[in-house]
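Enquirer: Before anything else, here's the structure in question.
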Amino acid sequence: MKTIVLTGASDGIGAAAAALLTRDGHRLILTGRSEDKLKAVAHKLNPVGAFVADYERLDDVRRLAAEIRAATDHIDVLVNNAGGIFDGPLETVDGFERTFQVNHLAAFLLTHELMDILLASGASVVNTASLAAQMAGHIDLGNIDSFRGFSSFAAYGTSKLANILFARGLHARFQHAGLSAVAYHPGTIASNFGASTGSVMRMAYHTAIRGFLSGPVTGGRNLVHFAEGTPGETWQSGQYYGSRRRIARTSPQAYDDELVEHFWDASARLLGLPLA
């Protein structure tokens, strides 16, 4: 039995994965943005905790971390699964473009706020990324949140590339201390994903094309594979995996060790976190 913190658990692959992980006997702490949806999931699964947080407000992330710390002093797996694609650009109350904050900065901050527990637990961090990182992602440290020249799909792809760089940064900085990290593509899943955008992604996820996509349970099973797996055996820390659970190629920027380091430092500075 593992203690697993699963963000983005109120809908889609997160909710599907939560049901599968509960079936397998794990101890779950669930988070989500929608209070009603999260309550519905929690009512069925009876997790250790279910906490509402809106990633468009970083104070919500800090509060969420405090609530998780109050619920447990041990975390085997943190799954950074919350995210989405949005129209924009839209500046959050924290001063960042929404897509970048919700999909990357919030997960970076939550992981930092829980780092002492994660290290003491010898935990794994699993980041839900996307094939879009390769298709449309590009990290520009001078326009790090993609606010200038914004496009929904490019901003989404860049934020998913950020998730991969974050996993690689965690591996580089903390593997020696027993922390493992991985990023994976769950598959092209028919869910409520893309509902809040007018981009091509909405067409793909909410028209007749939807019938050709996999269901949330398929993506949920992929998430579960990494959450339940053993680093070094089931998967290799610091790697990116495709939807077939094999190491896959992604954006060339993901393999630039210098960029991984610079991107980590830039993210930490934006959040006012120490660089060490």
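Enquirer: With respect to Ala155, is the statement that it is crowded, with 17+ Cβ neighbours inside 10 Å, under 17 Å from the mean Cα position of the chain (by Cα), of a type outside the set (D, E, K, R) and at pLDDT 95 or above true?
Expert: yes
Enquirer: Quickly run through segment 158-179 and pick out the residues that are of a type in the set (Lys, Arg) and either buried (at least 24 other Cβ atoms within 10 Å of the Cβ) or in contact with a strand residue (DSSP E or B) (Cβ under 6 Å, 6 or more places away or on another chain) (or both).
Expert: Passing the criteria: Lys160, Arg168.
Enquirer: Also, I was wondering about something else. Output the residues belonging to segment 244-262 that are touching a residue at least 60 places away in the same chain (Cβ under 8 Å), in contact with a strand residue (DSSP E or B) (Cβ under 9 Å, 6 or more places away or on another chain) and either surrounded by fewer than 19 Cβ atoms within 10 Å (Cβ to Cβ) or not in a helix (DSSP H, G or I) (or both).
Expert: Arg245, Ala248, Arg249, Thr250
Enquirer: Could you check, for segment 214-222, whether at least one of its residues is within 29 Å of Arg62 (Cβ to Cβ) and either more than 18 Å from the chain's Cα centre (by Cα) or modelled with pLDDT of 95 or more (or both)?
Expert: The answer is yes, given that some residue of segment 214-222 is within 29 Å of Arg62 (Cβ to Cβ) and either more than 18 Å from the chain's Cα centre (by Cα) or modelled with pLDDT of 95 or more (or both).
Enquirer: Which condition breaks for Ala195 when tested against (1) out of contact with any His (no Cβ under 9 Å at 6 or more places or on another chain); (2) surrounded by fewer than 21 Cβ atoms within 10 Å (Cβ to Cβ); (3) at pLDDT below 95; (4) under 18 Å from Gly83 (Cβ atoms)?
Expert: Unmet condition: (1).
Enquirer: Now a separate question. How many residues are within 24 Å of Leu223 (Cβ to Cβ) and of a type in the set (D, E, K, R) if we restrict to segment 123-172?
Expert: Qualifying residue count for the region: 2.
The values are calculated or read from the model by the stated rules, or taken from the named source; none is laboratory data. Only a predicted model underlies this, so the values are computations on that prediction, with no experimental measurement involved. We place every Cβ from the backbone using ideal geometry, glycine too, and count neighbours over all the protein chains shown.
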